[in-house]
1. If you go through region 134-152 one residue at a time, how many are open to solvent by 100 Å² or more (accessible area, probe 1.4 Å) and either touching a residue at least 12 places away in the same chain (Cβ under 8 Å) or over 45 Å from the mean Cα position of the chain (by Cα) (or both)?
2. Regarding Gln78, is this residue open to solvent by 80 Å² or more (accessible area, probe 1.4 Å) and within 16 Å of the chain's Cα centre (by Cα)?
3. State yes or no: is Gly130 open to solvent by 80 Å² or more (accessible area, probe 1.4 Å) and either among the small types (Gly, Ala, Ser) or more than 18 Å from Lys68 (Cα to Cα) (or both)?
4. Does Arg41 satisfy being at pLDDT below 70, outside any helix (DSSP H, G or I) and open to solvent by 40 Å² or more (accessible area, probe 1.4 Å)?
5. What are the pairs with Cβ atoms under 9 angstrom where one residue, in region 52-65, is in contact (Cβ under 8 Å) with a residue 24 or more places away in the chain and more than 24 Å from Lys138 (Cβ to Cβ) and the other, located anywhere, is of a type in the set (D, E, K, R) and open to solvent by less than 70 Å² (accessible area, probe 1.4 Å)? Sequence gap at least six, or different chains.
Amino acid sequence: MNLVPWRGRSDVSPFRSELDNLFGRYLEPEFVSNLPTALRRGTIPPVDVSETEKNWMVCVELPGLNEKDIQVQILGQQLIVSGERKWEEEKKGKEFHRVESQYGSFQRSIQLPENARLDPDSVVATYKKGILEVLVPKVEPTPAAKIPVKAG
């Protein structure tokens, strides 16, 4: 049996430090912007979900899109918003030095609560000033019903 000498924690520290630096570099914006498109983080539009007494409201920020570029679906208990913001490259004497706008396909799935009415005819989606607003009505609670007990 061969014994391996124990070298203590001091040998591990430089390795851990180098590993932390390596992962830290991957999170820097300059590194991410130089990645090939397939490896960049996808477009993830912000979503707000709120409720009133009668509705659930989902607001999705989608600046620069046309309503024809947005799809809204109900699948099971989920509201799915998807689409694509395309890069329209203009070569009219313009050279970009930095692009922070997000382009590409996106999809957001929002889990709806049990009391959401999920029939597509009752859901209303409107798009105005870069904000998609989806109203999902709540299901009216069924009133308690008294069931008579019969003698057997």
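The values are calculated or read from the model by the stated rules, or taken from the named source; none is laboratory data. Only a predicted model underlies this, so the values are computations on that prediction, with no experimental measurement involved. Using ideal geometry, Cβ is built from the backbone for each residue, glycine included, and neighbour counts are taken over all protein chains shown. Accessible surface areas use protein heavy atoms only, side chains included; no ligands, DNA or RNA. Shrake-Rupley method; radii C 1.70, N 1.55, O 1.52, S 1.80 Å.
1. 7
2. Answer is no for this residue.
3. no
4. Details: at pLDDT below 70: yes; outside any helix (DSSP H, G or I): yes; open to solvent by 40 Å² or more (accessible area, probe 1.4 Å): yes.
The answer is yes for Arg41.
5. That search, which allows pairs on different chains as well, returns Leu62/Asp69; Leu62/Arg85; Pro63/Arg85; Gly64/Arg85; Leu65/Arg85.
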